[in-house]
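**Q** Structure provided below as structure tokens; questions to follow.
The values are calculated or read from the model by the stated rules, or taken from the named source; none is laboratory data. Since the structure is predicted, the reported quantities are computational estimates derived from the model, not experimental observations. Cβ atoms come from the backbone with ideal geometry, glycine included; neighbour counts cover every protein chain shown. Remember, those area values only see protein heavy atoms, side chains included, never the ligands or the DNA or RNA. Shrake-Rupley method; radii C 1.70, N 1.55, O 1.52, S 1.80 Å.
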Amino acid sequence: MEVSQMLTQAMYSNDYVLKQLPHCTSDILERCKAKGLNSVWDLMDLEDDERNEVLQMEPAKLADVARFCNSYPAVEVNFKCERSEVSIGERVTVNIVVERENDEDGLAPAVVAPLYPDAAKRKDEAWWVVLGDKESNELLAIKRVTVNTTQKFALDFTPTKAGRHEYKLYAICDSYVGVDQEFDIPVKVEEGSRQRKRRHEGEEDN
């Protein structure tokens, strides 16, 4: 997934995130760092005069940067785990809603990536939504989706180990660096069937 981002934006995943700006130079990056800019959002929050001072670009190049910033995905992820307590072998369903705030007439804008190998061809943005167990390094569920305005779907998994777990939900973009999101999903997993346990407790009460 990181390789997809790196190939699209022609940079390493651990490079300074603003390196993906169009027409970016080492001097621009140094000014961004000196300004304390740690994300594309930080750059967008600057006043026009401050931003122009940092970028120091001619109007045509500034227009390309503006197009990149306007296309940079503003995505909100909401989710709900249907069950927070289950037994080993019982299915857990996570309902997920991904919303893109800066769509263009109901569609996600084309990816802005001037150094992409086939830059003349439109590239559409997609997201991987992943459920995993970080403790065991186990992939539980994965789905690749296109988010234009709102995308609703569910991921299922079946716990195989008892205990209290902090499963991870990741939303990972295939085209931009710096927009990935991570969430915790706490689930208590018990050994055996909770239904058998409740029946056994009822028999003892009788």
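**Q** Given charges of +1 on the Cβ of Lys and Arg and -1 on the Cβ of Asp and Glu, with all other atoms neutral, how large is the dipole of the range 17-72 about its Cα centre, in debye to the nearest 20?
**A** Working: 7 positive and 11 negative charges, 61 e Å.
That gives the range 17-72 a dipole magnitude of about 300 debye.
**Q** If you place +1 on the Cβ of every Lys and Arg, -1 on the Cβ of every Asp and Glu, and leave all else neutral, what size is the dipole of the range 75-190 about its Cα centre, to the nearest 20 Debye? Kindly include the intermediate steps, with their values, before the conclusion.
**A** Numbers: 15 positive and 22 negative charges, 59 e Å.
Computed about the Cα centre, the dipole is about 280 debye.
**Q** Order of 110-118, 170-178, 55-63 by packing, highest average Cβ count within 10 Å first? Walk me through the numbers on the way to the answer.
**A** Values: 110-118: 15.8, 170-178: 20.8, 55-63: 13.1.
So the order, starting with the most tightly packed, is 170-178, 110-118, 55-63.
**Q** Oh, and also: Taking the Cβ of Arg144 as the centre, find all other residues whose Cβ is under 13 Å away and add up their charges (Lys, Arg: +1; Asp, Glu: -1). Before the final figure, lay out each step's value.
**A** Numbers: positive: Lys143; negative: Asp124, Glu125, Asp174.
Counting the neighbours of Arg144, the net charge comes to -2.
**Q** How high is the FRET efficiency from Lys61 to Asp118, r the C-beta distance, R0 22 Å, rounded to 0.05?
**A** Values: r = 22 Å, r/R0 = 0.99.
Between Lys61 and Asp118 the formula returns 0.50.
**Q** Could you tell me the extents of the range 1-71's C-alpha atoms along the three principal axes, largest first, rounded to whole Å?
**A** Principal extents (largest minus smallest coordinate, Cα): 36, 24, 20 Å.
**Q** With all protein chains present, how much of the accessible area of the chain (probe radius 1.4 Å) comes from carbon and sulfur, to the nearest whole percent?
**A** Details: 5340 of 11990 Å².
Carbon and sulfur atoms account for 45 percent of the accessible area of the chain.
**Q** Another one. Taking loop as defined by DSSP and a crowding limit of 12 other beta carbons within 10 Å, which GluC sites (Glu not before Pro) in the range 43-124 fit? Please list the in-between numbers first.
**A** Values: sites: Glu47, Glu50, Glu53, Glu76, Glu82, Glu85, Glu90, Glu99, Glu101, Glu104; in loops: Glu47, Glu82, Glu90, Glu101.
Answer in residue order: Glu47, Glu82, Glu101.
**Q** Given a Förster radius of 25 Å and the C-beta distance between Lys33 and Glu104 as r, what FRET efficiency does 1/(1 + (r/R0)^6) yield to the nearest 0.05?
**A** Values: r = 31 Å, r/R0 = 1.25.
For Lys33 and Glu104, the calculated efficiency is 0.20.
**Q** What number comes out for the charge environment of Pro117, summing +1 per Lys or Arg and -1 per Asp or Glu over other residues with Cβ under 15 Å away?
**A** Details: positive: Lys121, Arg122, Lys123; negative: Asp118, Asp174.
Local charge sum for Pro117: +1.
**Q** For the chain, what does the equivalent ellipsoid look like in terms of its semi-axes, each the square root of 5 times an eigenvalue of the Cα gyration tensor, given largest first in whole Å? Kindly include the intermediate steps, with their values, before the conclusion.
**A** Numbers: eigenvalues 396, 55, 43 Å².
One finds semi-axes of 44, 17, 15 Å for the chain.
**Q** Between beta-carbons, use under 12 Å as the cut-off and find the net charge around Ala154, counting Lys and Arg +1, Asp and Glu -1.
**A** Value of the local net charge: +2.
**Q** May I ask you to compute the full-extension gain from Ile142 to Tyr12, defined as 0.36 nm times their residue separation minus their alpha-carbon distance, rounded to one decimal in nm?
**A** Details: separation 130, 0.36 × 130 = 46.80 nm, distance 2.37 nm.
44.4 nm is the gain from fully extending Ile142 to Tyr12.
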